[in-house]
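Student: If you scroll down you'll find the structure; I have some questions about it.
The values are calculated or read from the model by the stated rules, or taken from the named source; none is laboratory data. No experiment lies behind these values; they were computed from the predicted model shown. All Cβ positions, even for glycine, are placed from backbone atoms using ideal geometry, and neighbour counts span all protein chains on display. Heavy atoms of the whole protein, side chains included, go into the accessibility calculation; ligands, DNA and RNA do not. Shrake-Rupley method; radii C 1.70, N 1.55, O 1.52, S 1.80 Å.
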Number of protein chains: 2
Amino acid sequence: MDNRPIGMFDSGVGGITVFKEVIETMPNESMIYIGDTASFPYGSKSKETIIDLTKRRIETLIQKDVKLIVIACGTATSQALEEVQKMFDIPIIGIIKPTIKYLKKNNIKDIGIVATSGTIRSNGWEKEIMKEIPDAKVQNKACPLLAPMAEEGWTENEIAKLSVHEYMKDIKNIEALVLGCTHYPLFKASFLEEVGEDTKVINTGEMVSLAVKEYIEENNIKNDCKVKPTYSIYLTDTECNFLNVAKQLIKDEEIIKQIKKI
Amino acid sequence: MDNRPIGMFDSGVGGITVFKEVIETMPNESMIYIGDTASFPYGSKSKETIIDLTKRRIETLIQKDVKLIVIACGTATSQALEEVQKMFDIPIIGIIKPTIKYLKKNNIKDIGIVATSGTIRSNGWEKEIMKEIPDAKVQNKACPLLAPMAEEGWTENEIAKLSVHEYMKDIKNIEALVLGCTHYPLFKASFLEEVGEDTKVINTGEMVSLAVKEYIEENNIKNDCKVKPTYSIYLTDTECNFLNVAKQLIKDEEIIKQIKKI
């Protein structure tokens, strides 16, 4: 048993889609979340910068004594996960592998990936998919405006819908669409409308929460349930719309009230 | 007489709206432009970071032996101009003062300002306006998505129009609207539609080009016209849509062909 919290970070509010899935899947676990809003967006930054930012967020989480770290960010997973796994002893889980496990298990071959420019440029998703599913056909599309739009709180208005439509127009005949940036589940309704009901739209947060649960159970580091779980959310810069977007997702005033600047 | 080029920089492609005005107003002057696309966007960064980026871009331009520097960026002007003017001997012109000179001359009091979050938060425009026009009434609006949208090349589609409409809905009864970010003239048609024909929409690039002309004439540092002017454009990162947007603005293949990575 291990009563320490799970640590998690993202460049902004997007990772809250993962946070939400994890607390729903494991309601007894405590969580510490860092939204690196001062450095947002990660998606347009160089690999070196993303590795450096990821390293610093992990150091902060280790100082806060977490038992496990989730990189709730597609860009940081695709560009920095391998490097930081070499640097630190703590277990670190990204959003790519748990998702690919699901694709493989369900025998999905025709796959669309939408993500930030940095993630698409790094080819991180496609490389990992081809390792596990060598006959997969992958269509990639960078959607650089969606994460900034989510941070602005524009996720369900006409502008969001039209933007998703514009980005999706060249992606055809897929069995599954991977939302490769953790901000994108905020646009899930628009993506569903674009792909039609025969295509599975994958929220990587769901896949990550299952991987975290499995890891915690296998390694016997569950919370012993003698203390009520706590949730803390830290932001590196509070001049942003984080609160409004997070509220829509978390819908729990007690958690929202705890948000503070690091 | 001084045949050295004019130096200019912006966080991305926005400053090209100023570049265009300057080469049209002073067709005999050579120009060096830096688009700091690796650090884009400036608009959401802290004051310290913007001062540091501005300082570094000015150092590069000085190394390239320019005679005068134009900060073709609203965020860098509002947050860093004063500081860098103290650090360097070279004349540095920003986009705020030339615009306020025009507002004052035309006795304009009811003023709307649209700009990035950083610029609006710094209150740079309003402070300068109140110094020169103490009875002005200023309405401010941060439009954080417009500069990223311009870098994406979405300036005339339905998404751009709806976004401008969304940002402008609370601004009422103004005589002039200042486009306080150099990306925004790319959305001029949409802004004009929002404010109606009685309101002047101000492209700061026009005002800056007049200020540069005045400075060059008063200080007798014009190009002597014995050599054909040259134009160089450098980008700090080429993984971007700069070229497509710049082409729409400059429409001169000879200039476009010269764009290179610094």
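Student: Dividing the Cα radius of gyration by the Kirkwood radius, what Rg/Rh value follows for region A:150-262?
Tutor: Rounded to two decimals, Rg over Rh is 1.04.
Student: OK, next. Quantify how much of the Cα-Cα distance distribution of region A:1-104 extends past 20 Å, in percent.
Tutor: Of the Cα pairs, 34 percent sit more than 20 Å apart.
Student: Considering only protein heavy atoms and a probe of 1.4 Å, how much of the accessible area of the protein assembly as shown is carbon and sulfur, as a whole percent?
Tutor: 46 percent
Student: If one computes the Cα centroid of region A:74-146 and of region A:200-256, what distance in Å separates the two points?
Tutor: 21 Å
Student: Calculated from DSSP H runs of 4 or more alone, at -39500 (n - 2.57) each and per residue, what is the 222 nm mean residue ellipticity of chain B, nearest 500?
Tutor: After summing the helix terms and dividing by residue count, I get -13500 deg cm²/dmol.
Student: Shifting gears a bit: For a bin width of 10 Å, list the pair-distance distribution of region A:197-262 built from all Cα-Cα distances, rounded to whole %.
Tutor: 15, 30, 37, 16, 1
Student: As an exercise, find the ratio Rg/Rh for region B:1-54 from alpha-carbon atoms, using the Kirkwood inverse-distance average for Rh.
Tutor: Radius of gyration over Kirkwood radius for region B:1-54 works out to 1.06.
Student: Could you work out the percent of alpha carbon pairs in chain B separated by over 30 Å, rounded to a whole number?
Tutor: Beyond 30 Å sits 22 percent of the P(r) for chain B.
Student: Next question. Please report, in whole Å³, the volume per residue of the convex hull around the C-alpha atoms of region B:97-220.
Tutor: Output value, Cα hull per residue: 113 Å³.
Student: Rule-of-thumb check for region A:162-206: C-alpha Rg over 2.2 N^0.38 Å?
Tutor: Dividing the Cα radius of gyration by 2.2 N^0.38 Å gives 1.04.
Student: Let me ask you something else. Grab the beta carbon distance between residue A:59 and residue B:89, set R0 = 51 Å, and tell me the FRET efficiency rounded to 0.05.
Tutor: Computed FRET efficiency for residue A:59 and residue B:89 comes out at 0.80.
Student: On a 30 Å Cα-Cα criterion, which of the cross-link pairs B:127/B:260; A:161/B:47; B:228/B:261; A:47/A:228; A:97/B:261; A:247/B:45 come out too long?
Tutor: Violating the 30 Å Cα-Cα cut-off are B:127/B:260; A:161/B:47; A:47/A:228; A:97/B:261.
Student: Counting residues in the protein assembly as shown as N, plug N into 2.2 N^0.38 Å and put the Cα Rg over that result.
Tutor: 1.04
Student: So what does residue B:236 come to for accessible area, using a 1.4 Å probe and Å² rounded to 10?
Tutor: Accessible area of residue B:236: about 30 Å².
Student: If you don't mind, another one. Can you give the accessible area of residue B:200 in Å² (nearest 10), computed on protein heavy atoms with a 1.4 Å probe?
Tutor: My reading of the accessible area for residue B:200 is about 80 Å².
Student: If one takes the accessible area of chain A alone plus chain B alone and subtracts that of the pair, with a 1.4 Å probe, what total in Å², rounded to the nearest 100, results?
Tutor: 1600 Å²
Student: What's the magnitude of the charge dipole for region A:131-216 around its Cα centre, counting Lys and Arg as +1 and Asp and Glu as -1 at the beta-carbon? Answer in Debye, nearest 20.
Tutor: Computed about the Cα centre, the dipole is about 220 debye.
Student: Where the eigenvalues come from the Cα gyration tensor of region B:35-184, what are the semi-axes √(5λ) of the equivalent ellipsoid, largest first, in whole Å?
Tutor: Rounded to whole Å, the semi-axes are 26, 21, 12.
Student: Separate question: List the residues of region A:158-195 for which accessible area in the full set of protein chains is at least 30 Å² lower than for the chain on its own; 1.4 Å probe, protein heavy atoms only.
Tutor: A:159, A:162, A:166
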